[in-house]
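Peer 1: Below is a structure I'd like to ask you about.
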Amino acid sequence: MNKNEIINNFNTAHLKFWDTAIHLPNTNLSINGKWSVAHNVEHINIILLRVNNYLSLPKSTIKSNFGLSERTVESNETVVEMYKNKLENGTKATAPFIPELNLDKNIKELVSQGNELLVSIISNLQDWTEEELEIYNCPHPLLGIIPAREILYFTIYHVQHHNETIKNNFI
């Protein structure tokens, strides 16, 4: 995917997720120990905040903190498979990405916060070239240090995964 396709897919996937979430009843209800809809939305917002913070860093800071990639960027499909393999092996979200347990927030407020982050991410992506997405590394808690383009592939799939999760658990 090129940058424009990433932006389009990023936008579409998140808008679909929020549309699903906002139309579900009892968004603060947890079922069978699973995260509520609100927990899922907050988790996605945490991810978006982290990605936004990364994309807004000066490239010199990214280079000094995470280095430059010395490998070819994996395809979207390969990144998705790498993440699915982690999930199949029982990997779960790590502490910084887990929403507060007693989350009792208005779903519309959470979606609004997510939308603001999405707008900021898309704005920040305008400052990235295709080449920069290939060469600057980004840390991922499960996948390790990966190129920026791969973190964007992951983030698109990740929100699609959570959209399916809330559909399966709450519809």
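The values are calculated or read from the model by the stated rules, or taken from the named source; none is laboratory data. Keep in mind the model is a prediction, meaning the values are calculated, not measured. Please note: Cβ atoms are built from the backbone with ideal geometry, for glycine as well, and neighbour counts cover all protein chains shown. Each accessible area value is taken on the protein alone, full model and side chains, heavy atoms only, with ligands, DNA and RNA left out. Shrake-Rupley method; radii C 1.70, N 1.55, O 1.52, S 1.80 Å.
Peer 1: Can you check what the net charge comes to around S112, using other residues whose Cβ is under 14 Å from the Cβ of S112 (Lys, Arg +1; Asp, Glu -1)?
Peer 2: Its environment carries a net charge of -2.
Peer 1: Follow-up. Counting only heavy atoms of protein chains, what accessible area per residue, in Å², does segment 34-171 have with a probe of 1.4 Å?
Peer 2: 50 Å²
Peer 1: Taking H as built 1.01 Å from N, whose amide H comes closer than 5 Å to the amide H of W128, not counting residues under 5 places away?
Peer 2: Distant-sequence amide H within range of W128: zero hits.
Peer 1: Additional query: Taking the Cα atoms only, what angle lies between the long axis of helix 148-170 and the longest principal axis of the chain, rounded to 10 degrees?
Peer 2: 10 degrees
Peer 1: Let me ask something additional. List, in order, the whole-Hz ³J(HN,Hα) value for each residue of segment 13-25 obtained from phi through the Karplus relation with A = 6.51, B = -1.76, C = 1.60 and θ = phi - 60°; use x for Gly and Pro.
Peer 2: Running phi through 6.51 cos²θ - 1.76 cosθ + 1.60 with θ = phi - 60° gives 5, 6, 5, 5, 4, 5, 5, 4, 4, 6, 9, 8, x Hz.
Peer 1: What is the sum of charges, Lys and Arg at +1 and Asp and Glu at -1, for the other residues whose Cβ falls under 13 Å from the Cβ of L87?
Peer 2: The answer is 0.
Peer 1: Identify the chymotrypsin sites (Phe, Trp or Tyr not before Pro) of segment 16-55 meeting these criteria: DSSP loop state and at most 10 other C-beta atoms within 10 Å of the C-beta.
Peer 2: Here no chymotrypsin sites (Phe, Trp or Tyr not before Pro) fit, given the DSSP loop and packing criteria.
Peer 1: Relative contact order for the chain using alpha-carbon pairs under 8 Å, separation at least 6, rounded to a whole percent?
Peer 2: 41 percent
Peer 1: Around E150, under 15 Å between beta carbons, what's the net of Lys plus Arg minus Asp minus Glu among the other residues?
Peer 2: -3
Peer 1: Taking H placed 1.01 Å from N in the peptide plane, check which residues at least 5 places from C138 or on another chain put their amide H under 5 Å from its amide H.
Peer 2: Here I146, A148 satisfy the definition.
Peer 1: Follow-up question, since we're still on this one. I'd like the Karplus ³J(HN,Hα) series for segment 47-59: coefficients 6.51, -1.76, 1.60, θ = phi - 60°, whole numbers in Hz, and an x wherever there's a Gly or Pro.
Peer 2: Taking θ as phi minus 60°, the curve returns 4, 4, 4, 5, 5, 4, 4, 4, 5, 8, 5, x, 4 Hz for segment 47-59.
Peer 1: Next question, about the same structure. Within 10 Å, at most 14 other Cβ atoms, and a DSSP state outside H, G, I, E, B define an exposed site. Report the longest part of the chain free of exposed GluC sites (Glu not before Pro).
Peer 2: Longest stretch, sites excluded: 101-171.
Peer 1: Moving on to the next point. How much solvent-accessible surface does K59 expose, in Å² to the nearest 10, with a 1.4 Å probe and all protein chains in place?
Peer 2: Accessible surface of K59 is approximately 40 Å².
Peer 1: Then there's this: Of the accessible area of the chain, with the probe set at 1.4 angstrom, what percent is carbon plus sulfur?
Peer 2: 48 percent
Peer 1: Convert each backbone phi in segment 61-69 into a coupling constant with the Karplus relation 6.51 cos²θ - 1.76 cosθ + 1.60 (shift: θ = phi - 60°), then list the ³J(HN,Hα) values in order as whole Hz, x for Gly and Pro.
Peer 2: 5, 4, 4, 6, 7, 10, x, 10, 6
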